[in-house]
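Asker: First, the structure itself, so that you have it in front of you.
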Amino acid sequence: MEWRNMDKHTKSGYSGYEESEFADRIEVNHADIGGIKAQKMKPIAARQPCPLACVKIWVVVVSNTLLILWVCALQLATLDDHKIMVAKSAFYSPYSFPSQRAYKNNGYLIISTDAGLNQKRLAIADMVVIARYLNVTLIVPKLAHDPYWSDTSKFEDIFDVNHFITSLKDEVRILKELPPEQKRKVDSGSLYSMVPISFASLDYYYHKVLPRIRRHEIMLFNLTNGRLANNGLPEELQRMRCRVNYEALRFTQPIDKIGRKIATIVRENGPLLVLHLRYEKDMIALTGCTEGLTKEEAEDVKQMSVNIRYSHEGWKHKPIVSKKQRERGSCPLTPEETALVIQALGIDRNTTIYIAGGEIYNKEKRMAAMAAAYPNLVTKESVLKPEELEPFLKHAHQMAALDYIVALESDIYVPTYRGNMAKSVEGHRRYLGFKTTISLNTRILVSLIDQYRNETLSWDEFSLLVKKNHEDRTGKPARRIEIPEHPGQEDYFYSNPQECLAASAQP
């Protein structure tokens, strides 16, 4: 598939990427090998009496067969530049791998993905598309090790790296590491790095990035999250973003196996609601939201907030006023507020609710109202045996991957904060057939909750208004809201990848 006329900025330039065969492609003609050996067998048979002649003939035949099998095995082991044999996961349906695409390579792209699991995942999907568009070779992504996330996992610890490389080889060349010559160049200190602008267009990558890659041969992107526009891209590229995110980025077999086991267990007693309750201490500190905290708790969180925010250069000079944050809908709902909302939405008391995310701040106290309203509360820690969860405990990204799998499998998904996991899971559930995701309008909800608490609204009025305000926020088919002047405020592509969804389902 060629995209020679992606937009007006690339029409003339893209035609310069000629198709070419890789120099190291190996071709073996099995028929010729068999023919040569067959001709030699005839005089052998004529000269030797049976049974000795027959034995010798069979020896030659067997040797010839073994030679052919060895050559076939050699070819299979050299399907791509890294001799990758793909191990099929027992937890996925069989995958038919495409033929490798040959193209003139414009250079090598190294990416270092930052922040949490879902930011990394979506950034990787974007970078694959950019590598394809620029006709460069992508090196398997490096996962930046931020002390905030307490995780030193590598790409291959979370994702099936062989499947990632092989399933995309018809679009882009991906290597586990730089070739020896380029690696020596980097080791000598010659590596050009840059940070692409946020929500960049194809025009930016073609005119600003590609010339630098051609000049320096090897390019490092230090930050990759949100570096490609949500809108204004050809549908082929938008669909490729989906292909990478939903098909190529598979979790490793150990993660997938345990994630699916959790989902199977928690669904045994009926409908499952996954509640992504973002009320960990670090999240409260990061957002600066102190609603419902005692004076001592607020001071504890404030100290953590100072430590977190001053460890990130971009956050140092952003003063936070908790009340204003909450009124704007920028705070995660508290567990008590969430319990009211879930009940107001009419969720049955006997529903199993799986709490995704980390440790809830002051859990026993803050989860009391939720537990009273919904007794079937579970977590991955309560479902699994300690030895089953132990391999993942010290890896925040791998723990998040387990929650991600359960969230996809649930009947209803409800996040209390519009973070990256909430957006990523919402889009993935749309892709899987518009599975119900309730995107809470926290700005409206905090106002309604306050009115109910001060008795301005009765319970029936409160419940009716909560339901009414979420009728169109359940993951049904919809169009993304576009705000070209402020792309950071528009609907995120991955929360509603409309170009990848069934045409019959589009509004």
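The values are calculated or read from the model by the stated rules, or taken from the named source; none is laboratory data. Keep in mind it's a predicted model, so treat the numbers as computed, not measured. Here Cβ is always computed from backbone atoms with ideal geometry, including for glycine, and neighbour counts include all displayed protein chains. What goes into the accessible areas is simple: the full protein's heavy atoms, side chains included, and nothing from ligands, DNA or RNA. Shrake-Rupley method; radii C 1.70, N 1.55, O 1.52, S 1.80 Å.
Asker: Using a Förster radius of 51 Å, what is the FRET efficiency between ASP460 and GLN303 based on their Cβ-Cβ separation? Nearest 0.05, please. Working shown, then result.
Answerer: Working: r = 42 Å, r/R0 = 0.83.
That gives a FRET efficiency of 0.75.
Asker: Also: Over all directions, the average projected area of the alpha-carbon convex hull for the range 138-229 comes to how many nm²? Can you show the working numbers first?
Answerer: Working: hull surface 29.5 nm².
Averaged projected hull area, Cα only: 7.4 nm².
Asker: Run the quick spin-label model on SER193 and LYS385: label points 7 Å from Cα toward the beta carbon, then report their separation in nm to one decimal.
Answerer: Simple spin-label model gives 4.4 nm for this pair.
Asker: How do ILE481, ILE360 rank by accessible surface area computed with a 1.4 Å probe, from largest to smallest?
Answerer: My answer, sorted largest first, is ILE481, ILE360.
Asker: Follow-up. Out of the range 394-455, which GluC sites (Glu not before Pro) are coil in DSSP terms and have no more than 10 other C-beta atoms within 10 Å?
Answerer: Numbers: sites: GLU409, GLU426, GLU455; in loops: GLU455.
Filter output for the range 394-455: GLU455.
Asker: Please name which of TYR354, PRO415, TYR404 has its Cα lying farthest along the dipole of the range 324-431 towards the positive end, using unit charges on Cβ (Lys, Arg +1; Asp, Glu -1) and the Cα centre as origin.
Answerer: PRO415
Asker: Give, rounded to the nearest 20 debye, the magnitude of the charge dipole that the range 215-313 has about its Cα centre when Lys and Arg contribute +1 at Cβ and Asp and Glu contribute -1 at Cβ. If you can, show how the numbers build up before the last one.
Answerer: Numbers: 15 positive and 14 negative charges, 96 e Å.
With Lys and Arg at +1 and Asp and Glu at -1, about 460 debye.
Asker: Per residue of the range 329-339, what does 6.51 cos²θ - 1.76 cosθ + 1.60 with θ = phi - 60° give for ³J(HN,Hα)? Whole Hz please, x for Gly and Pro, Karplus curve as stated.
Answerer: Ordered by residue, 3J(HN,Hα) equals x, 9, 9, x, 4, 6, x, 5, 5, 5, 4 Hz.
Asker: Sticking with this structure for a sec: Count of lysine pairs in the range 134-199 with Cα atoms under 17 Å apart, counting only pairs 8 or more residues apart in sequence or on different chains? Don't skip to the answer; put the middle values down first.
Answerer: Details: LYS142/LYS154; LYS142/LYS176; LYS142/LYS183; LYS154/LYS176; LYS176/LYS185.
Close lysine pairs under the 17 Å cut-off: 5.
Asker: Just by accessible area at a 1.4 angstrom probe, what is the order of TYR417, TYR246 from largest to smallest?
Answerer: On the way: TYR417 65, TYR246 25 Å².
Result of the area sort, largest leading: TYR417, TYR246.
Asker: May I ask you to give the percent of accessible area on the range 223-275 that is carbon plus sulfur, with a probe radius of 1.4 Å? Present the calculation step by step, with values, prior to reporting the outcome.
Answerer: Working: 890 of 1920 Å².
Using a 1.4 Å probe with all protein chains present, the range 223-275 comes out at 46 percent carbon and sulfur.
Asker: For PHE159, what residues show an amide H to amide H distance below 5 Å, using hydrogens built from the backbone and excluding near sequence neighbours?
Answerer: Here the answer is THR252, since their amide H atoms fall under 5 Å of that of PHE159.
Asker: Would you mind getting the accessible area per residue of the range 138-286, heavy atoms of the protein chains only, 1.4 Å probe, in Å²?
Answerer: Numbers: 6070 Å² over 149 residues.
Result: 41 Å² per residue.
Asker: If you don't mind, there's one more thing I want to ask. Say the dipole of the range 366-484 comes from +1 at the beta carbon of Lys and Arg and -1 at that of Asp and Glu; which of ILE438, SER424, LEU465 then lies farthest toward its positive end?
Answerer: SER424
Asker: Let me ask something else about it. Size of the dipole of the range 433-507 about the Cα centre, Lys and Arg at +1 and Asp and Glu at -1 on the beta carbon, nothing else charged, in debye to 20? Walk me through the numbers on the way to the answer.
Answerer: Details: 9 positive and 11 negative charges, 52 e Å.
Roughly 260 debye for the range 433-507.
Asker: If you don't mind, another one. Keeping every protein chain present and rolling a 1.4 Å probe, give me the accessible area per residue for the range 349-445 in Å². Could you put the intermediate results ahead of the total?
Answerer: Values: 3820 Å² over 97 residues.
Roughly 39 Å² per residue, with all protein chains present.
Asker: With a 1.4 Å probe and all protein chains in place, put THR287, THR152, THR379 in order of accessible area, largest first.
Answerer: Values: THR287 10, THR152 95, THR379 40 Å².
My answer, sorted largest first, is THR152, THR379, THR287.
Asker: Turning to a different aspect of this structure: Report the label-to-label distance for GLU471 and LYS142 in nanometres (one decimal), using points 7 Å from each Cα along the Cα→Cβ vector.
Answerer: According to this spin-label approximation, the distance is 5.3 nm.
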